[in-house]
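Here the structure comes first, spelled out in structure tokens, and everything after it is commentary.
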Amino acid sequence: MRLGVLVSGRGSNLGAVLDAAARGDLPGVEVVIVISNRPGVPALKIAERNGVPVVVLARRDFAGAEARDAAIGARLRLAGVDVALLAGYDQVLRPTYFAAFGRMTLNIHPSLLPAHGGAGMIGMAVHCSVLAAGDRETGVTVHEVSAELDAGPPRLQARVPVHPDDSPETLAARVLEVEHRVVVEAIATLAAERERGPSSATMAVAPESVPPDAAAHE
Ligand code: GRF
């Protein structure tokens, strides 16, 4: 399974995927390209250190977001990507992306979607929203991406406890650790499903994960 990864910043999830592949924990998976919408970000250095080709497609180099997103989809196709992973990609992809790529795209979101998803729910805003709601647990969702924000079908979720004395930063750190494990597991499961053929394409449930319905707005 040829994986393309879209990034915008830190790249710790990209690093987790590349480390897992190097350890042999992602059999049949190869990260073939990393695309960033921002030049000079740490994620690009992580890719380069691991020998993965990188491409920067910044919005300012295109007539508009639609054209840039079409170019991202086309570049993934050119690289022979089977599945794209949004790993801290900070823009909403326009329909031109989906038209150009036409294959599965996954996203990692640091909450139990649909809770704390949608417009503005990126980065620390997600964890602030969880704390403001008084939730006693949050989590991680890996879901398929559709043109509608944070709304594609979930593939894997895992719960993370919220501690009474959590700040957004301590909660973010606890969630991020789980993200790194869950993203690898979701990719491994998808690769295994694709290997076995379409009839086995069911959602995997990790030991401490929950079916998406049970996670909604607790
Ligand atoms: C992660 O929290 C991910 O869930 C969200 O953006 C963050 C990216 O972190 N979509 P990193 O760039 O992978 O370190």
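Residues are listed down the side, and each one gets a yes or a no for (1) touching a residue at least 60 places away in the same chain (Cβ under 8 Å); (2) open to solvent by 70 Å² or more (accessible area, probe 1.4 Å); (3) on the phi > 0 side of the Ramachandran plot:
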site: Val7; (1), (2), (3): yes, no, no
site: Arg38; (1), (2), (3): no, yes, no
site: Ile46; (1), (2), (3): no, no, no
site: Pro53; (1), (2), (3): no, yes, no
site: Ala63; (1), (2), (3): no, yes, no
site: Ile72; (1), (2), (3): yes, no, no
site: Ala79; (1), (2), (3): yes, no, no
site: Tyr89; (1), (2), (3): yes, no, no
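In the set (1) more than 11 Å from the ligand (Cβ to nearest atom); (2) farther than 25 Å from Gly24 by Cβ, the condition left unmet by Arg181 is number (2).
For the range 133-147, the criterion of a residue being away from the ligand (no atom under 14 Å from the Cβ) and at pLDDT below 95 is satisfied by at least one position. Looking only at residues in the range 1-18 that are closer than 22 Å to Arg194 by Cβ and in a helix (DSSP H, G or I), which one is farthest from the ligand (Cβ to nearest atom)? Among those that are closer than 22 Å to Arg194 by Cβ and in a helix (DSSP H, G or I), it is Leu18.
Hey, does the range 102-117 have a residue that's among the hydrophobic types (A, V, I, L, M, F, W, C) and away from the ligand (no atom under 16 Å from the Cβ)? Within the range 102-117 (the criterion being among the hydrophobic types (A, V, I, L, M, F, W, C) and away from the ligand (no atom under 16 Å from the Cβ)), the answer is yes, since at least one residue qualifies. Of everything listed in (1) away from the ligand (no atom under 13 Å from the Cβ); (2) farther than 21 Å from Met1 by Cα; (3) part of a helix (DSSP H, G or I), the single unmet condition for Pro39 is (3).
The values are calculated or read from the model by the stated rules, or taken from the named source; none is laboratory data. All values derive from a computational prediction rather than experimental measurement. Note that each Cβ is placed from the backbone with ideal geometry, even for glycine, and that neighbours are counted across all protein chains shown. For the accessible areas, the whole protein counts, side chains as well, though only heavy atoms, and no ligand, DNA or RNA atoms are used. Shrake-Rupley method; radii C 1.70, N 1.55, O 1.52, S 1.80 Å.
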